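The values are calculated or read from the model by the stated rules, or taken from the named source; none is laboratory data. Small disclaimer: the values here were computed from a predicted structure and weren't measured. Cβ placement follows ideal geometry from the backbone for every residue including glycine, while neighbour counts extend to all protein chains displayed.
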Amino acid sequence: PIHKNKSLVMVPMRENGKLLPGIEVGKKIKKIGMNSSDTGLIYFDEVRVPQRYRIGAEGQGFIYQMQQFQEERLWCAASTLQSLTNCIQWTVEWAQERKLFGSTLADQQWVQFKLAELKAEVESLRALTYQACEHYVAGEDVTEWATMAKLKAGRLNRTVPDTCLQFWGGMGFTWENKVSRMYRDGRLASIGGGADEVMLGILAKMMGIAKRPQK
Ligand SMILES: Cc1cc2nc3c(=O)[nH]c(=O)nc-3n(C[C@H](O)[C@H](O)[C@H](O)COP(=O)(O)OP(=O)(O)OC[C@H]3O[C@@H](n4cnc5c(N)ncnc54)[C@H](O)[C@@H]3O)c2cc1C
C-alpha cells in the first residue's frame, strides 16, 4: 500500500572528514530568511544503507512522519509565541520613542488600536496552543488542535511582523532591523511543516466537509 512503502533512514555523510561514496554536496541555496540554518542540494547516488541505519520499523516511515508532524506543528505554535510578543513590545517601545509633529507615533490612535488588536490575536494563539498542549499531555490525539494552532501561528507570523514593520517606517525596511528579520524568518511558518492550505485541508477532512483520499 502507498503509505507502507517508505522507511526512515539516517545516513552518515562523512568518515574522517571525507564524504562517503555516492554522497555529493551541491551548492547552498540563498534564502530570504532563516539564514542560521543552511539549505542546499545533497545528492545520494547508490549509497549503501545498512539495516542498522534504519529508524524504527521497515515501511513505517510515512506513519512516523505523520505522527511527528503533530509535535512539530505544536512546536511551531509554541516557539513562535515569544517572538510575536517581542515584536509587538519592540514596536510599542519604538512608537513611544519616535517623535513626529510634536507628539509620538504611539500617540496615534490608529497605531494604538493596531498594536492592541495584534496583542489580542497573539494571546488567542497562546490560549489555543496551551489547550492543545493539555490534550497532548493527557495522551489524546491532537491532530485537530495542532493543525489549528499551526495554521494560526503561520497567519500571525505574517500579519504581526508586517503590521509592526510598517510602524518602523524606513528603518523597518533595513536588513539589521529586528522586525524586518521576523518579517523574513517568520514567513516560513506558513509554508514549512505543511503549508497553511494543507492545514485547512486536514481541518476540512476532520470536519467532514472534504472527502478523504481512498485507501
Ligand atoms: C527553510 C526550509 C526548511 C525546511 N526544512 C525541512 C525539514 O527539515 N524537513 C522536511 O521534511 N522538510 C523541510 N522543508 C520542506 C517544507 O516542509 C516544504 O517546503 C513544505 O511542506 C511545502 O511543500 P513544498 O515546498 O513541496 O510546496 P508544494 O507542496 O509544492 O506547495 C506549494 C504551495 O501550494 C499550495 N498548496 C500545497 N498543497 C495544497 C493543497 N492541498 N491545497 C491548496 N493549496 C496547496 C500552498 O500554498 C503551498 O505553499 C523545509 C522548507 C524550507 C523552505
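Which of (1) among the small types (Gly, Ala, Ser); (2) within 16 Å of the ligand (Cβ to nearest atom); (3) touching a residue at least 24 places away in the same chain (Cβ under 8 Å) is the odd one out, the single condition Ala149 does not satisfy?
Of (1) among the small types (Gly, Ala, Ser); (2) within 16 Å of the ligand (Cβ to nearest atom); (3) touching a residue at least 24 places away in the same chain (Cβ under 8 Å), only one is false for Ala149: (2).
So Cys164 clears everything in (1) crowded, with 19+ Cβ neighbours inside 10 Å; (2) within 29 Å of Gln65 (Cβ to Cβ) except one condition, right? Which one?
Answer for Cys164: the failing condition is (2).
Considering region 95-106 alone, what residues qualify as being loosely packed, with under 14 Cβ neighbours inside 10 Å and either touching a residue at least 60 places away in the same chain (Cβ under 8 Å) or not in a helix (DSSP H, G or I) (or both)? Break it down stepwise before answering.
Applying the first criterion (loosely packed, with under 14 Cβ neighbours inside 10 Å) to region 95-106 yields 96-97, 99-103.
Within region 95-106, Lys99, Leu100, Phe101, Gly102, Ser103 qualify.
Within region 167-215, restricting attention to residues that are of a type in the set (Val, Ile, Thr) and either within 16 Å of the ligand (Cβ to nearest atom) or surrounded by fewer than 13 Cβ atoms within 10 Å (Cβ to Cβ) (or both), which residue is nearest to Trp75 (Cα to Cα)? It would help to see each step written out before you state the result.
First, pick out the residues of region 167-215 that are of a type in the set (Val, Ile, Thr): 174, 179, 191, 198, 202, 209.
When the remaining residues are screened for being either within 16 Å of the ligand (Cβ to nearest atom) or surrounded by fewer than 13 Cβ atoms within 10 Å (Cβ to Cβ) (or both), the result is 174, 191, 198, 202, 209.
On the way: Thr174: 29, Ile191: 15, Val198: 17, Ile202: 18, Ile209: 27 Å.
Applying the filter and picking the extreme gives Ile191.
For Arg48, indicate whether it is of a type outside the set (A, V, I, L, M, F, W, C), in contact (Cβ under 8 Å) with a residue 24 or more places away in the chain and in contact with a Ser or Thr (Cβ under 7 Å, 6 or more places away or on another chain). Explain how you work it out, then say what you get.
Numbers: of a type outside the set (A, V, I, L, M, F, W, C): yes; in contact (Cβ under 8 Å) with a residue 24 or more places away in the chain: yes; in contact with a Ser or Thr (Cβ under 7 Å, 6 or more places away or on another chain): no.
So Arg48 does not fit the description; no.
List every residue pair whose Cβ atoms sit under 6 Å apart, with the two residues 6 or more apart in sequence or on different chains, where the first one lies in region 180-206 and is farther than 12 Å from Thr159 by Cα and the second, anywhere, is near the ligand (Cβ under 6 Å from one of its atoms) and among the hydrophobic types (A, V, I, L, M, F, W, C).
These pairs meet every condition: Asp185/Met34; Leu188/Met34.
Please state which one of Gln68, Gln82 is in a helix (DSSP H, G or I) and within 16 Å of the ligand (Cβ to nearest atom).
Details: Gln82 fails: within 16 Å of the ligand (Cβ to nearest atom).
When all the criteria are applied, what remains is Gln68.
Among the residues of region 64-83, which ones are surrounded by 15 or more Cβ atoms within 10 Å (Cβ to Cβ) and of a type in the set (A, V, I, L, M)?
Residues satisfying the conditions are Leu74, Ala77, Ala78, Leu81.
Enumerate the pairs (first residue in region 152-173 and more than 14 Å from Asp185 (Cα to Cα) and modelled with pLDDT of 95 or more; second residue anywhere and assigned to a helix (DSSP H, G or I) and basic (Lys, Arg)) with beta-carbon separation below 8 Å, excluding pairs fewer than 6 apart on the same chain, so at least 6 apart or on different chains.
Within 8 Å, the pairs are Thr163/Lys114; Phe167/Lys114.
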